[in-house]
Amino acid sequence: MSTHRATFDEFVVSRSGRLLRTAYLLTRDWAAAEDLLQTALAKAWFAWHRLEADPEPYIRRIIANTYASWWRRRWNGEAPVAEVPQRGPGPDPHAAVDARDELWRSLGRLPKRQRTVLVLRYFEDLTEAETAEIMKCSTGTVKSQAAKALAKLRLDETLGVRA
């Protein structure tokens with residue numbers, strides 16, 4: 001086995017989980033996230049001999065760029081049902097799940113660029129400079145896109161106000 005293949009295999013084993021999480025946060029679908037990660041890793045394989053000691057930022061950039069270029073999306077909207085389910089009295093045991101689902105749906109309504117900024121900045125905990133480098137834009141663009149995205153989320157009536 002060549003040295004390039006061995007290092008690539010080691011990288012995939014050690015970092016795939018983290019990169020898959022990033023892909024999932026962008027796509028909000030495990031199957032699409034796996035496809036996105038596989039596509040990014042396939043692209044990285046061809047450039048592996050050129051990559052520096054830490055290829056993760058490069059692959060994260062591939063993930064973000066590939067996600068942005070995927071134009072065809074499967075619709076994940078509501079499905080009609082014959083009868084509206086009734087809720088019983090008392091606190092809703094699924095409220096936390098509903099709140100998380102509302103947040104995911106709200107993130108899904110954001111433009112791709114704003115969603116990408118939020119995922120990289122707040123879920124991946126990258127700096128503004130790191131996010132700007134991955135997205136190939138200025139830190140000012142990262143700041144403005146994050147501000148716009150957070151403002152949209154604040155105005156999203158489906159999220160409601162929770163104390």
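The values are calculated or read from the model by the stated rules, or taken from the named source; none is laboratory data. For clarity, every value in this text was computed on a predicted model and none was experimentally measured. Using ideal geometry, Cβ is built from the backbone for each residue, glycine included, and neighbour counts are taken over all protein chains shown.
Could you tell me whether segment 14-30 includes any residue that is of a type in the set (Asp, Glu) and either surrounded by fewer than 15 Cβ atoms within 10 Å (Cβ to Cβ) or assigned to a helix (DSSP H, G or I) (or both)? Within segment 14-30, none of the residues are of a type in the set (Asp, Glu) and either surrounded by fewer than 15 Cβ atoms within 10 Å (Cβ to Cβ) or assigned to a helix (DSSP H, G or I) (or both). Filtering segment 1-13 to residues that are part of a helix (DSSP H, G or I) and out of contact with any Leu (no Cβ under 8 Å at 6 or more places or on another chain) leaves Thr3, His4, Arg5, Ala6, Thr7, Phe8, Asp9, Glu10, Phe11, Val13. Of all residues in segment 90-131, those satisfying the criterion of being outside any helix (DSSP H, G or I), modelled with pLDDT of 70 or more and not hydrophobic (A, V, I, L, M, F, W, C) are Pro91, His94, Pro111, Glu124, Asp125, Thr127.
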